[in-house]
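Please read the structure below before turning to the comments.
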Amino acid sequence: GEDVEQSLFLSVREGDSSVINCTYTDSSSTYLYWYKQEPGAGLQLLTYIFSNMDMKQDQRLTVLLNKKDKHLSLRIADTQTGDSAIYFCAESPTTSGTYKYIFGTGTRLKVLA
Amino acid sequence: SAVISQKPSRDICQRGTSLTIQCQVDSQVTMMFWYRQQPGQSLTLIATANQGSEATYESGFVIDKFPISRPNLTFSTLTVSNMSPEDSSIYLCSVGLLAGVNEQFFGPGTRLTVL
């Protein structure tokens, strides 16, 4: 199947690190993505990782990719209240023959002041 | 990048009626997509809007229920037909830029409530 799984909720204190996990299914995806959805807004691309990389760091964001286990994670350092949102991982399987995305179930991050 | 607008931003509709949602992009793009996000759920792809030809629908979605138009490379519409309360969702359009990392840019969404 094409299920991309995430834990539903995560709650952290301001200043702590957040780790959001994702398990995907299709190893053909060239890129894997993390999107952020704030209340009442569309989705915004946060970061992505190329499938032949293990790690990518972008300011407070660190993406780790374990291709063997098809596991992707997003670490947010020094989490702020403005990081409260829903985070979606997404894959774009090249086997589909299209450029469509398959989104994960989404993780709602709540940052406590 | 691409800037995408959607109209309406929200609507409340009666059962059995239809609503057409518009998606406008500020530049010409090849790929346009329509997604549904049901309350508390993830995004599900409805269809790929193809310019000059019929949309490509995903499993579980049919043209009679969700007719799509794509008259040019900057505009598309999605109609939700014969609505029922189960159609209450956020509908989002997105565009894909094939160059680079295949990033998709999303519109702000249309929040639909069907009574």
Item to complete: Please state the charge dipole magnitude for chain B, taken about the Cα centre, from unit charges on C-beta atoms (+1 on K and R, -1 on D and E), reported in debye and rounded to the nearest 20.
Response: 220 debye
Item to complete: Starting from the Cα of B:Thr113, move 7 Å in the Cα-to-Cβ direction to define the label point; list residues of the stretch B:71-91 whose amide nitrogen is under 20 Å from there.
Response: B:80-91
Practice prompt. Return the FRET efficiency for the residue pair B:Cys13, A:Val19: r is the Cβ-Cβ distance, R0 is 45 Å, and the value is rounded to the nearest 0.05.
Written response: 0.65
Fill in: Unmatched cysteines, the protein assembly as shown - criterion: no other Cβ of a Cys under 4.7 angstrom
B:Cys13
Discussion item. Whole angstrom only: what separates the Cα centroid of the stretch A:52-98 from the Cα centroid of the stretch A:12-33?
Written reply: 4 Å
Discussion item. Mean-square fluctuation check for chain B, GNM, Cα pairs under 10 Å: which of B:Ile63, B:Ile12, B:Ile46 is largest?
Written reply: B:Ile12
Practice prompt. Work out the count of Lys pairs in the protein assembly as shown where the Cα-Cα distance is under 28 Å, with the pair 8 or more places apart or on different chains.
Written response: 19
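The numbers here are math on the coordinates, done by the rules we state, and not lab data. Being a predicted model, the structure only gives us computed values, none of them experimental. Ideal geometry is used to build each Cβ from the backbone, glycine not excepted, and the neighbour counts take in all protein chains shown.
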